[in-house]
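Here the structure comes first, spelled out in structure tokens, and everything after it is commentary.
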Amino acid sequence: MDLPIRPRRLRASASLRALTRETDLSPDRLIYPVFLHGDDADTPLASLPGLTRWSLDGLVGEAKRVRSLGINSVVLFPKVEDRLKTTDGRESFNPDGLIPRAVAMLKDADPDLLVITDVALDPYSSDGHDGIVGPAGNVLNDETVEVLVQQAVAQARAGADIISPSDMMDGRVGAIRAALDADGHEDVAIMSYTAKYASAYYGPFRGALDSAPKSGDKLGYQMQPANVREALREVALDVAEGADIVMVKPAGPYLDVLRAVADASPVPVAAYQVSGEYLMIAAASAAGWLDEDKVILESLTGIRRAGADMILTYYAPRAAQLLG
Ligand code: PBG
């Protein structure tokens, strides 16, 4: 054939492919979400096979293990005892609560580990919602924000490096920024769940924390899956309110949103490969239908390629091992 242009020339060897690679994936781009509880046992999670709900001591050990693999950031999700759950979620700002204790222990053991904390009421709410449920059954915005700022300050006081509101209330980023600054935490960053969709892919996560809504769904505050323009509106608001990092969640089914947000955002962009995405890969691999290691790296590369600077993934340690 008379073919002067042959794209395959650059695919011919591993070295050529490495030289022409457009997207890099490295462990320092990964954030590891971890589950914890106040029990002494490290408990395997029935709803998320392969993952564990850690005791405080177990969590410190796990953080040490993943740091040796090159993972520098963790985000903490607590399972709170039922007796501590209330309609107003006030356990969320208890300075002696599970999360402040865990943050202090982790930073004490390893000051260079980046500890990220989640701001939302669902683990603490007897209604299983991210905010306070009003008499009409909807989640109240401004009343919820008043609790969230106290939660954020309690986390910052315990030593959290990055505060990460996942609740989707309007105006919470600005309110949290102001409260952090007023309490002397000007250097604590905010990673906002900016475009967080009301997604069925969160099901296994809610099983892990026993935090599913007791009634209704989250469509009154999380975004509807059909929208992308609205995500850009959320980006503009969060950036104006002082968000340091914006996030798209879930990641894999929303790569077009991620691309749009990455093109529009003046601040770094995170994407969350959520529990349902993890499980689809893990379950199909356990059945022998997918090559787990290859699909992990391909899915994370796709998320990076779509515009994520950093990725929250339950596969962080495994990916780091594969990349090592
Ligand atoms: C709740 C929260 C959820 C996740 C992270 N924070 C669940 C929800 O919004 O219902 C989901 C993460 C996952 O599925 O891996 N504030």
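For segment 195-241, how many residues are assigned to a helix (DSSP H, G or I), surrounded by 18 or more Cβ atoms within 10 Å (Cβ to Cβ) and either within 11 Å of the ligand (Cβ to nearest atom) or on the phi > 0 side of the Ramachandran plot (or both)?
Within segment 195-241, residues that are assigned to a helix (DSSP H, G or I), surrounded by 18 or more Cβ atoms within 10 Å (Cβ to Cβ) and either within 11 Å of the ligand (Cβ to nearest atom) or on the phi > 0 side of the Ramachandran plot (or both) number 6.
Within segment 266-283, track down each residue that is away from the ligand (no atom under 15 Å from the Cβ) and open to solvent by less than 20 Å² (accessible area, probe 1.4 Å).
Matches in segment 266-283: V269 only.
Looking only at segment 295-315, decide whether some residue is open to solvent by less than 50 Å² (accessible area, probe 1.4 Å) and free of Cβ contacts under 8 Å to residues at least 12 places away in the same chain.
The answer is no, given that none of the residues of segment 295-315 is open to solvent by less than 50 Å² (accessible area, probe 1.4 Å) and free of Cβ contacts under 8 Å to residues at least 12 places away in the same chain.
Please enumerate the residues belonging to segment 137-152 that are closer than 19 Å to V75 by Cα, open to solvent by 20 Å² or more (accessible area, probe 1.4 Å) and among the aliphatic types (A, V, I, L, M).
Selection gives V149 alone.
Looking at segment 121-154, which of its residues are at positive phi and within 14 Å of the ligand (Cβ to nearest atom)?
Listed by number, the list holds a single entry, G128.
Which of the residues spanning segment 33-78 are more than 16 Å from the ligand (Cβ to nearest atom), assigned to a loop (DSSP other than H, G, I, E, B), farther than 22 Å from G97 by Cβ and open to solvent by less than 40 Å² (accessible area, probe 1.4 Å)?
Those that are more than 16 Å from the ligand (Cβ to nearest atom), assigned to a loop (DSSP other than H, G, I, E, B), farther than 22 Å from G97 by Cβ and open to solvent by less than 40 Å² (accessible area, probe 1.4 Å): G70, I71.
Whether any residue in segment 242-264 is acidic (D, E) and within 16 Å of the ligand (Cβ to nearest atom) is what I want to check.
Looking through segment 242-264, none of the residues is acidic (D, E) and within 16 Å of the ligand (Cβ to nearest atom).
Residue under question is I176, and the condition is that it be aliphatic (A, V, I, L, M), more than 15 Å from T87 (Cα to Cα), open to solvent by less than 30 Å² (accessible area, probe 1.4 Å) and not in a helix (DSSP H, G or I); does it hold?
no
The values are calculated or read from the model by the stated rules, or taken from the named source; none is laboratory data. What you are looking at is a predicted structure, and each value in this text was computed from that prediction instead of being measured. No Cβ is skipped: glycine too gets one built from the backbone with ideal geometry, and neighbour counts run over all protein chains shown. All accessible areas refer to the heavy atoms of the entire protein, side chains included, with ligands and DNA or RNA removed. Shrake-Rupley method; radii C 1.70, N 1.55, O 1.52, S 1.80 Å.
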